[in-house]
Amino acid sequence: MNQSEQINELAAALSKAQATITGAEMDANNPFFNSKYASLGSVIEAARQPLSENGLSVTQLVSTQPGSSNIRYETNDRGKTLEMGRDHTPGTVTITTQLMHSSGQYIRSSSTFEVLPEKGRSLVQSAGAIITYMRRYALAGALGIYADEDTDGNQPGNGTPKAPPTQIASPSQAPARPYTPEQIKKGIKAKGESDQYKGRKASQAQRGLVVGLLNGAINPGDGSLDVTVVRHAVQEFIWGCESANDATDPQILATLDWLDASKDDDGGKYNPSPMATAELKHMVAEVGIK
């Protein structure tokens, strides 16, 4: 984050604006977490007039860095050159959110996330989903707007437990991924406590599959991480226990739902979805798992 040399006028104007900003309308449904949230449009609408009336404005600029793919070759004993594999570096998208005051004072912050292919989406569509997600969180955070239901239980300031959504969202209504580490943790907990997995058992094969999927997504392939140690830390974060054998049946099933595994091109090995892989790598970095 960076800012102008002085932000006194901006801070005073933002304080006045925040006094009149009402909560953004929870106008969208999140089927994974069984909760509602405020869409980007709802956050913008809640802030537009209070900002304008106090000499404030916001820009959210997008920049991208393309990915790359390098083919590794080796020459065998017969002098024939063979393709040995491909190294992929994912592209990134960066959102720079800048809050400005009519005096010229400003506060600016940037967030960067990898763009990975996702089943049923082109890279452009995946990038668009990430941009919407990042803009919503950055704008709500900068302005202090509450934009998500508390998936742990009650609404803030309300002693009555929230009612569950009466309608499950269609795919087009689902929130843009990637999910934050805390969202994943709360989502697995909420799904595990829902009726969806009530009475269902996770087999040892499914527990083993979860371990394999987490290992595969965590492993950078260069020996820089102790994969088992990191996986145990991830499991402790999302389940509250280090071992997959100690996780509850609903926790295992909800984790498989999140990882959304599919077989690789040759039909052999199962891999988590590219989006879940990106979310897991972000989790390792964000929560300081090493």
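Return the pairs, sorted by first residue and then second, in which the second residue is at pLDDT 80 or above and among the hydroxyl-bearing types (S, T, Y), the first residue lies in region 255-279 and is under 20 Å from C241 (Cβ atoms) and in the same structural domain as A190 (by TED's automatic domain parsing), the beta carbons are less than 8 Å apart, and the residues are 6+ apart or on different chains.
Qualifying pairs under 8 Å: L259/S273.
Counting only residues that are under 23 Å from the mean Cα position of the chain (by Cα) and either at pLDDT 90 or above or on the phi > 0 side of the Ramachandran plot (or both), how many does region 6-23 have?
Residues of region 6-23 under 23 Å from the mean Cα position of the chain (by Cα): 23.
Within this subset, residues satisfying the condition of being either at pLDDT 90 or above or on the phi > 0 side of the Ramachandran plot (or both) are none.
The total comes to 0.
Can you confirm whether region 192-202 contains a residue that is closer than 30 Å to V124 by Cα and among the basic types (K, R)? Write out each step before concluding.
Residues of region 192-202 that are closer than 30 Å to V124 by Cα, as a first pass: none.
No - not one qualifying residue is present in region 192-202.
The values are calculated or read from the model by the stated rules, or taken from the named source; none is laboratory data. Keep in mind the model is a prediction, meaning the values are calculated, not measured. As a convention, Cβ positions derive from the backbone with ideal geometry for all residues, glycine included, and neighbour counts pool all protein chains shown.
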